1. Which residues, taken from segment A:456-466, are out of contact with any Leu (no Cβ under 9 Å at 6 or more places or on another chain), touching a residue at least 12 places away in the same chain (Cβ under 8 Å) and on the phi < 0 side of the Ramachandran plot?
2. Can you name every residue in segment B:194-207 that is hydrophobic (A, V, I, L, M, F, W, C) and open to solvent by 20 Å² or more (accessible area, probe 1.4 Å)?
3. For segment A:501-516, what are the residues that are open to solvent by less than 80 Å² (accessible area, probe 1.4 Å) and assigned to a helix (DSSP H, G or I)?
4. Determine, yes or no, whether A:Phe531 is closer than 21 Å to B:Lys575 by Cα and either crowded, with 21+ Cβ neighbours inside 10 Å or modelled with pLDDT of 95 or more (or both).
5. Test B:Leu290 against the criterion of being over 19 Å from B:Pro439 (Cα atoms), modelled with pLDDT of 95 or more and hydrophobic (A, V, I, L, M, F, W, C), and give yes or no.
6. Restrict the check to segment B:447-469 and report whether at least one residue is more than 14 Å from chain A (Cβ to nearest Cβ) and within 18 Å of B:Ala362 (Cα to Cα).
7. Picking from B:Thr490, B:Thr485, B:Thr525, which residue would you name as being open to solvent by less than 60 Å² (accessible area, probe 1.4 Å), within 11 Å of chain A (Cβ to nearest Cβ) and over 25 Å from the mean Cα position of the chain (by Cα)?
8. Restricting to segment A:534-555, give me the number of residues that are in a helix (DSSP H, G or I) and either among the aromatic types (Phe, Trp, Tyr) or more than 10 Å from every other protein chain (Cβ to nearest Cβ) (or both).
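The values are calculated or read from the model by the stated rules, or taken from the named source; none is laboratory data. Treat the numbers as computed from the prediction; the structure is a model and nothing was measured. Positions of Cβ are generated from backbone atoms using ideal geometry, with glycine treated the same way; all protein chains shown enter the neighbour counts. Each accessible area value is taken on the protein alone, full model and side chains, heavy atoms only, with ligands, DNA and RNA left out. Shrake-Rupley method; radii C 1.70, N 1.55, O 1.52, S 1.80 Å.
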Number of protein chains: 2
Amino acid sequence: MYKAPVEEIAFTLRHVAGLGAGLAEGRFGDLSDDLVDAILSEAGRFASDEIAPLAEIGDRQGATLKDAAVTTPPGWPALYRAWAEGGWNSLTASPEHGGQGLPHMLHVATMEMWNSGSMAFAIGPTLTIGAVEALSAHGSARLKEVYLPKMVSGEWMGSMNLTEPHAGSDLGVMKTRAERRDDGTYRIFGQKIFITYGEHDFTDNIVHLVLARLPDAPAGTRGISLFLVPKFLVEADGSPGARNDVFCHSLEHKLGIHGSPTCTMIYGDGRFGEEPGAVGWLIGEENKGLACMFTMMNNARLAVGMQGVAIAEAATQKALAYARQRTQGRAPGWQGPGMSPIVEHPDVARMLLTMKALTQGARAITYACAHAVDMSHATAGDEARHWAERASLLTPVAKSFATDVGVDVASLGVQVHGGMGFIEETGAARLYRDARIAPIYEGTNGIQAIDLVTRKLPLSDGAQMAGLVAELRGIAESVGASNDTAFGETAARLASTLDDLQAATDWLSTALAEGRQADALAGATPYQRLFGLALTGAYLAKAALAEAGDGRKHERIALCRFTAENIIAETAALKDRVVTGAASIAAARTLLD
Amino acid sequence: MYKAPVEEIAFTLRHVAGLGAGLAEGRFGDLSDDLVDAILSEAGRFASDEIAPLAEIGDRQGATLKDAAVTTPPGWPALYRAWAEGGWNSLTASPEHGGQGLPHMLHVATMEMWNSGSMAFAIGPTLTIGAVEALSAHGSARLKEVYLPKMVSGEWMGSMNLTEPHAGSDLGVMKTRAERRDDGTYRIFGQKIFITYGEHDFTDNIVHLVLARLPDAPAGTRGISLFLVPKFLVEADGSPGARNDVFCHSLEHKLGIHGSPTCTMIYGDGRFGEEPGAVGWLIGEENKGLACMFTMMNNARLAVGMQGVAIAEAATQKALAYARQRTQGRAPGWQGPGMSPIVEHPDVARMLLTMKALTQGARAITYACAHAVDMSHATAGDEARHWAERASLLTPVAKSFATDVGVDVASLGVQVHGGMGFIEETGAARLYRDARIAPIYEGTNGIQAIDLVTRKLPLSDGAQMAGLVAELRGIAESVGASNDTAFGETAARLASTLDDLQAATDWLSTALAEGRQADALAGATPYQRLFGLALTGAYLAKAALAEAGDGRKHERIALCRFTAENIIAETAALKDRVVTGAASIAAARTLLD
């Protein structure tokens, strides 16, 4: 059973992501070290003791639909209420609306724990928090007054309605339409698919944020508006009133996250209400809906990255526990009586260390990204712009690398279990199934790579990227300067990986500058992976260099060395793929006709 | 829907694996090119038209157990009978027992197609064929007379009973016991788990091959005997008679291959028969059971490798079909109206080409292994020993590389589908689930790596391996000598990969010679992967060099180049891991305590 790695999380926040320095500099108001520890510890308890025990039944029973009403798995509505009452929904929201105004770093750290407990459960609240962000940033005073306090407290949940059957990665072609009414409201008509927690029994009301197109809107992504559409219209006293004309038509039968209802939502077909049309209120300006969505897109992508970290952590714990108790064969050097625990076999140890290294790397990257978000709010002017760019740059890597790690580590977790891994009751298979959606939703990892290469590398004319690489080189140099032989070849390996990152970055910049868009895009995914591995190597070295005084420095150095000597050497091949891949893909293109 | 790639399969058999030369030299009796084509074509039709359409219902409904009787999915018993009546079960069996005596290459080629159609269906017949091999090689004349004709025709199926709760990879600790009876029979008592098709409704009788221990047997693997235990005892006229004391106690709830019943089998608890004890007959000699099993172990491992190829092929076809019709966004250079098919996006093209390259590499390796098996039977003396060694050397690579490819390609297949990939009805998720068992059963891929490094590399004092590497170098040199610029950097990349293979092989040989067993085992899995990639690069080059006169040479060259420039560069990092991994794993070992 999952046990939240509270110490590891706290260490990574403080010594790798930068929370320690931020607190020392007083960047985060009166937030204290003690409060951070108290929050993480209590979140860890809730995730381990309350959420994790309900993960399996959620997977087995899933969510069910009858007469447009969704029933979540047994115990889940109560679990959600306990979670909301614990104040976990309001961690980062503004105190103005009842939130606690805490740094985003604490949000992602707790998010990791909820998702390790049960990804299917945690995805719902994640979306509410995204809806709160969008509404806070762009909603009218009246909308905020009516909806935000209840959404911040968790009394009502939110949902995000973007995708349509023909509009997934490309939202420009969506068809859901909105009509203006004289009273300033709108009526929404259309169908949305893949709507996570679009309907459920957790809360009395659900606040749908819906992208739709006005009749006179420009074509493409510049003609999309964002609307708030509550499941129940709100009475003057703030309570849920008449049912709005929106309902869940069907649930998807999915590979994983079975407890999470994935809904097809029908807006405005007349099933509810006096006349067809779901009543909606505009958020932000007309035709600026996508910009409003982008406000929260980065954070949502980071949240999905956390799911990758969370799955990887849960899978690693489960595999390690099994490998310690399962005995089979005799490992070289085994002195005990009878068979050795399989963790003693070098090949199994390699799998487990790889799982640990990738998990810790993904965690460090996602936390560093959250730190940049926090710093962009805690600073002003050029400094704030620097940190906003940093967050922007790291987001696609955090999302894609961590979610790929989630899949890879969950797959290794199945492998460590041998035949038992294929049996559903063991739980390793559930993680392998759940993990698979994270590289897809909130922008596939391929979309992240396009974003990284075409929009993020050029930030500040490449200076943001250059600054990051310089920081990473500084870490490699510190390892060399430490003269600690326990680091093995870390300094040289890391330097070589950073050379690969630099060379690939330069090649892509040139390709883009020369208008060779297809060439750059052909290398985007290998580049993104290279970037993630380079950050992993550097951040594990940063962790190993830190003096936390907790007696675990030698373990961190050992993991850093294992990573440097076993994981990051792959970057040379990835750089190769970036640089030479486009021509060979173009040459082989006819094979796909 | 899957369509068997008959031309690709025939090409690979002839021009890469060596069937063409074998036929030209008259190695395979009166087998003709025409007959090969007829067999492959009819197998392709059966797999595509009969098996594939029943895959989804098999997955959805699975196998069920009631009162010790297993019901397979609707349509499956009739499908099995049609398959057996088609003569597909008897392809490679000896004509003496009603078989067709065809080369093993045709067996693996058809096996690929059955498994692409439905892995859950195909795994049952695979095991029968393994049982036929073991019985043919080691059974008494009487046992062969009674059982073989019906098992060869497919009238009865076989099952393989090895695993017990505490005896998986390490069979030496198994507890199932056998007692001698005065009439020369034995009574078997014990529990076996993970028994594929241990019980079902395909046939009137099931012939279980069971490993058990005699009371006076030596400890460990030298005290295990092999028994034949029929579900129904056979009457004098050859028909099934009284029920034997063996039954299926429960079915596993698995991640994938749901249609395949995975049984816990109880032997000798008195549920059936006059006195407790399942009646069994010894196969081979007492205490030599494991050796009998090893007779068929190589072929069984190769058969599982075929499952990896099969899943990869099915996943690639499905993803490619989707990518051609799904439109989203506008790819660079897209001139058409509206959105482009996603196959036009370079990143999607990269995924699909990677899927094609890995599938074709895994196919070539497995077929080459089958060719070596055939040649070991078609030759004599030193030549036969050479080919037997070649088969032995390639088997762990074929099993592990192809099954890892199955998982990786199925995962890419889900990714290409985007959100639809996560929906079970699409079918991509089923392949991702089914694929995951193949790296585990018939010896985990970690066990394969140990076998490869400690038992296969030393064959003929390393000369077998050296000979293979020399052959592969010859292919690289032929590419260089072709002076065909369409190969891009293939010759140089392949030479570099073969240098990596050579260096890693030398390092492992030295480690073993110096008694550094743990060091060698720590690098075994990266080495095995390196080996598979080197073979992939070389065999795709061999395919590209072949003159098949089918107008597809330029496509093969393009795929070869893509592979050389994008896939096999990974070998440098893998060699690194072999050479430096052991020390860093040992240093980090305390992290796993």
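1. Selection gives nothing.
2. Of everything in segment B:194-207, just one residue is hydrophobic (A, V, I, L, M, F, W, C) and open to solvent by 20 Å² or more (accessible area, probe 1.4 Å), namely B:Phe194.
3. A:Leu501, A:Gln502, A:Ala503, A:Ala504, A:Thr505, A:Asp506, A:Trp507, A:Leu508, A:Ser509, A:Thr510, A:Ala511, A:Leu512
4. For A:Phe531, the condition - closer than 21 Å to B:Lys575 by Cα and either crowded, with 21+ Cβ neighbours inside 10 Å or modelled with pLDDT of 95 or more (or both) - is not met.
5. For B:Leu290, the condition - over 19 Å from B:Pro439 (Cα atoms), modelled with pLDDT of 95 or more and hydrophobic (A, V, I, L, M, F, W, C) - is not met.
6. The answer is yes, given that some residue of segment B:447-469 is more than 14 Å from chain A (Cβ to nearest Cβ) and within 18 Å of B:Ala362 (Cα to Cα).
7. Just a single option satisfies the conditions, and that option is B:Thr490.
8. Going through segment A:534-555 one residue at a time, the tally reaches 13.
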